[in-house]
Amino acid sequence: EVQLQASGGGLVQAGGFLRLSCAASGLIFDEYAIGWFRQAPGKEREGVSWFVSSEDSTYYADFVKGRFTISKANVNTVSLQMSSLKPEDTAVYYCARGIQGSGDRRDYNSWGQGTQVTVSS
């Protein structure tokens with residue numbers, strides 16, 4: 001019964017900025033990870049960034065490190081700030097909840113609907 005909702009996507013030019021938000025419920029007293037994943041047409045879903053509650057730790061895939069920042073906006077919300085966006089960042093971005101934090105989708109068992117990010121060249 002964990003509920004997740006991703007929002008904040010849109011259309012931006014290359015080099016631009018977007019801030020995504022994941023609103024989550026049922027997490028306060030759970031040992032959990034919140035992960036951001038993305039999926040482009042014809043490609044597999046890949047891990048972008050994730051947060052582990054028990055450690056208060058953040059992690060990033062190499063292809064976004066230095067450009068994206070994950071943070072806990074409040075007790076119910078995890079955000080993903082995306083800077084210096086590239087056309088190859090175009091994808092549907094999903095937030096997900098799991099027990100183990102990783103960039104592997106198999107470690108997550110609850111998923112939100114996703115939000116579209118489009119970066120024009």
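Annotations
- Residue in the range 17-25 that is over 26 Å from Ser57 (Cβ atoms), at pLDDT 95 or above, in a loop (DSSP other than H, G, I, E, B) and out of contact with any Asp or Glu (no Cβ under 6 Å at 6 or more places or on another chain) present: no
- In this entry, Arg38 passes the filter for residues that are modelled with pLDDT of 95 or more and assigned to a strand (DSSP E or B).
- For the range 57-76, taking the residues that are modelled with pLDDT under 90 and assigned to a strand (DSSP E or B), the one that is farthest from Val92 (Cα to Cα) is identified as Asn74.
Residue-by-condition table, conditions (1) of a type outside the set (Lys, Arg); (2) free of Cβ contacts under 8 Å to residues at least 40 places away in the same chain; (3) surrounded by 15 or more Cβ atoms within 10 Å (Cβ to Cβ):
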{"residue": "Thr69", "(1), (2), (3)": "yes, yes, yes"}
{"residue": "Ser83", "(1), (2), (3)": "yes, no, no"}
{"residue": "Ala96", "(1), (2), (3)": "yes, no, yes"}
{"residue": "Ile99", "(1), (2), (3)": "yes, no, no"}
{"residue": "Gly103", "(1), (2), (3)": "yes, no, yes"}
{"residue": "Asn109", "(1), (2), (3)": "yes, yes, no"}
{"residue": "Thr115", "(1), (2), (3)": "yes, no, yes"}
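- Any chance Ser54 is out of contact with any strand residue (DSSP E or B) (no Cβ under 6 Å at 6 or more places or on another chain), in contact (Cβ under 8 Å) with a residue 60 or more places away in the chain, open to solvent by 20 Å² or more (accessible area, probe 1.4 Å) and not in a strand (DSSP E or B): no
The values are calculated or read from the model by the stated rules, or taken from the named source; none is laboratory data. Because the structure is a prediction, the values reported are computed rather than measured. With ideal geometry, Cβ positions are generated from the backbone for all residues, glycine too; neighbour counts draw on all protein chains shown. Protein only, heavy atoms only, side chains kept; ligands, DNA and RNA dropped before computing areas. Shrake-Rupley method; radii C 1.70, N 1.55, O 1.52, S 1.80 Å.
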